[in-house]
Amino acid sequence: QSKDTADLDDGWKKSLTNIFKFYTPIVIGYGGNDGSLMGFLEQLESIEGGIFWCYRESDGLPNERIKKLVIKHKGYLVPIEGFDEMMLQLNSKKNYGFLDEKIKKIAEQRAEKYKGQIENIQLREKSQETTVALEDTIKKQPRGWWAIELLARAEKDIEKKEKIYEGGIREFPESVQLYGNYAIFLSKVRKDYDKSEGYYKKALELDPNYANITGNYANFLHNVRKEYDKAEGYYKKVLELDPNHANHTGNYAGFLSKVRKDYDRAEGYYKKALELESNNVATIGNYAGFLSKVRKDYDKAEEYYKKALELESNNVATIGNYANFLHNVRKEYDRAEDYYKKALELDPDNANHTGNYAQFFLIKGDKENGKKYINKAFTFNIDDKDLLVELWFYRYAHFPEWYEEGYKRLLELVKNGARSIGWNLKPNIEQAKKDGHPHIDLLYKFDKIITEDAPIDILDK
């Protein structure tokens with residue numbers, strides 16, 4: 001260990017010694033891995049008020065060195081869910097409201113980040129204490145667009161959620177943010193894409209340079225409308241407006257990889273996004289997928305999947321994608337199944353993970369469970385044609401009663417542009433061979449069209 005990390009500066013030692021005469025230290029997010037601060041704390045004779053050492057309960061108890069230090073100063077080890085959850089509970093105990101208005105005066109971008117942290121807490125699985133603290137603080141929030149947004153996010157009933165948005169827009173008709181967030185709700189929940197686009201346009205009429213809505217509209221054009229040139233224009237615009245926004249940088253990386261096939265530029269944007277926000281779970285997970293599917297760097301991909309899950313162990317998208325990785329790349333079928341099950345426990349109505357779990361059974365020859373999960377996936381009123389083309393391929397490949405209908409549906413879907421680029425359907429074909437499928441040649445052709453974007457006319461050859 002070098003001297004500069006082993007010794008704390010004398011000025012710091014003096015300042016901290018004086019502070020601890022009047023204040024009780026609360027340690028959050030520090031693992032005691034450097035010698036400087038730990039050495040100083042160990043050398044102190046005693047801290048009069050003790051010390052409260054907080055640790056993430058999911059990580060287990062701290063190391064022995066920390067335990068000894070806490071005992072020496074007659075302190076306490078305090079298990080917490082996480083930093084954000086703890087600060088929210090302290091905020092509630094101190095009877096403070098949210099800080100967004102003050103933060104806005106300092107910088108609008110900081111306010112956006114703060115709001116994102118609160119909204120992420122709403123999305124995460126929470127203890128009863130955190131839930132109560134969040135609800136209590138929402139009630140104290142001054143009436144404004146964000147108070148409406150927090151109420152809408154907290155509401156589980158879709159009809160009531162929509163009424164909250166509609167009422168909020170009537171109350172705050174100039175709120176760019178509510179228009180933009182309602183547009184997301186209409187697209188992702190209601191699947192009312194025309195109405196959603198109308199609200200995106202209304203928001204951008206009110207403020208053409210609102211970065212977040214510009215970026216979200218780019219995602220809409222990319223993922224829903226498939227208007228790629230127009231989407232790229234909005235991606236470029238949002239990165240001109242806010243070049244240091246990690247989410248939009250990561251989203252553009254995904255666009256460059258999946259649509260433009262410009263893998264080197266895509267990786268550059270992924271790396272920039274992670275420099276901007278190293279603990280962004282969505283970006284980490286998406287980069288893991290890129291490393292696996294594009295770079296074939298499976299060890300590095302797994303490192304990123306594991307990092308994402310360390311940061312957010314119940315992130316459904318990461319869990320499902322890691323299950324696919326364990327299934328298709330590592331061939332660790334038992335572990336893969338555990339992750340599929342966990343994804344569906346957390347989000348039982350997720351059609352994508354349900355379909356992937358169906359494939360897991362089918363390539364093992366378990367048609368009974370494969371059919372069960374395919375049928376379940378179809379009950380979710382799917383309008384994602386890229387997922388539909390996978391599900392109809394499974395039916396056509398594995399179930400004789402669906403041969404005729406499956407062929408017709410597949411043909412219709414691929415003619416309408418349905419693709420699942422990079423997805424692995426070859427194990428299904430191998431199992432179909434074993435089962436005596438009469439049209440293996442067609443399965444290979446559909447596979448090339450769906451996963452490699454081969455021209456449709458190969459079906460005629």
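The values are calculated or read from the model by the stated rules, or taken from the named source; none is laboratory data. Treat the numbers as computed from the prediction; the structure is a model and nothing was measured. We place every Cβ from the backbone using ideal geometry, glycine too, and count neighbours over all the protein chains shown.
Restricting attention to the range 338-363, and to residues there that are free of Cβ contacts under 8 Å to residues at least 40 places away in the same chain and not in a helix (DSSP H, G or I), which single residue is nearest to I429 (Cα to Cα)? Out of the qualifying residues, it is N350.
Here is the figure for the range 183-196: residues that are within 23 Å of the chain's Cα centre (by Cα), assigned to a helix (DSSP H, G or I) and surrounded by fewer than 19 Cβ atoms within 10 Å (Cβ to Cβ) total 5.
Test N328 against the criterion of being part of a helix (DSSP H, G or I) and either at pLDDT 95 or above or not acidic (D, E) (or both), and give yes or no. Yes; evaluated as a whole, the condition is true for this residue. Considering only residues in the range 261-282 that are in contact (Cβ under 8 Å) with a residue 24 or more places away in the chain and surrounded by fewer than 18 Cβ atoms within 10 Å (Cβ to Cβ), the one that is farthest from D297 (Cα to Cα) turns out to be L276. Criterion first (surrounded by fewer than 11 Cβ atoms within 10 Å (Cβ to Cβ) and either aromatic (F, W, Y) or touching a helix residue (DSSP H, G or I) at 6+ places or on another chain (Cβ under 6 Å) (or both)) does F40 satisfy it? It is false that F40 is surrounded by fewer than 11 Cβ atoms within 10 Å (Cβ to Cβ) and either aromatic (F, W, Y) or touching a helix residue (DSSP H, G or I) at 6+ places or on another chain (Cβ under 6 Å) (or both).
For the range 310-337, give me each residue that is touching a helix residue (DSSP H, G or I) at 6+ places or on another chain (Cβ under 8 Å), surrounded by fewer than 17 Cβ atoms within 10 Å (Cβ to Cβ) and free of Cβ contacts under 8 Å to residues at least 60 places away in the same chain. Once the filter is applied, which keeps residues that are touching a helix residue (DSSP H, G or I) at 6+ places or on another chain (Cβ under 8 Å), surrounded by fewer than 17 Cβ atoms within 10 Å (Cβ to Cβ) and free of Cβ contacts under 8 Å to residues at least 60 places away in the same chain, the range 310-337 yields L311, V329, R330, E332, Y333, R335. Just a yes or no: is a residue in the range 425-433 under 32 Å from the mean Cα position of the chain (by Cα), surrounded by 15 or more Cβ atoms within 10 Å (Cβ to Cβ) and charged (D, E, K, R)? There is no residue in the range 425-433 that is under 32 Å from the mean Cα position of the chain (by Cα), surrounded by 15 or more Cβ atoms within 10 Å (Cβ to Cβ) and charged (D, E, K, R).
Just checking, does the range 27-36 include any residue being over 41 Å from the mean Cα position of the chain (by Cα) and either under 21 Å from M86 (Cβ atoms) or free of Cβ contacts under 8 Å to residues at least 40 places away in the same chain (or both)? So far as the range 27-36 goes, no, none of its residues is over 41 Å from the mean Cα position of the chain (by Cα) and either under 21 Å from M86 (Cβ atoms) or free of Cβ contacts under 8 Å to residues at least 40 places away in the same chain (or both). With respect to (1) at pLDDT below 90; (2) farther than 22 Å from L90 by Cβ; (3) part of a helix (DSSP H, G or I), the lone exception for R65 is condition (1). In this structure, N375 does not satisfy being in a helix (DSSP H, G or I), over 26 Å from N223 (Cα atoms) and polar (S, T, N, Q). When each of Y217, Y252, Y228 is tested for being out of contact with any Asp or Glu (no Cβ under 6 Å at 6 or more places or on another chain), within 30 Å of G82 (Cβ to Cβ) and among the aromatic types (F, W, Y), the lone residue that passes is Y252.
How many residues does the range 375-424 contain that are farther than 27 Å from R225 by Cβ, charged (D, E, K, R) and crowded, with 18+ Cβ neighbours inside 10 Å? Total meeting the criteria: 1. Which ones in the range 136-195 are of a type in the set (S, T, Y) and either modelled with pLDDT under 90 or closer than 27 Å to N95 by Cα (or both)? Hit for the range 136-195 is T137, nothing else. Close contacts from the range 214-242, counting a first residue that is surrounded by fewer than 21 Cβ atoms within 10 Å (Cβ to Cβ) and a second that is of a type in the set (V, I, T) and assigned to a helix (DSSP H, G or I), with Cβ to Cβ under 6 Å and a gap of 6+ residues or different chains, come to K237/T214.
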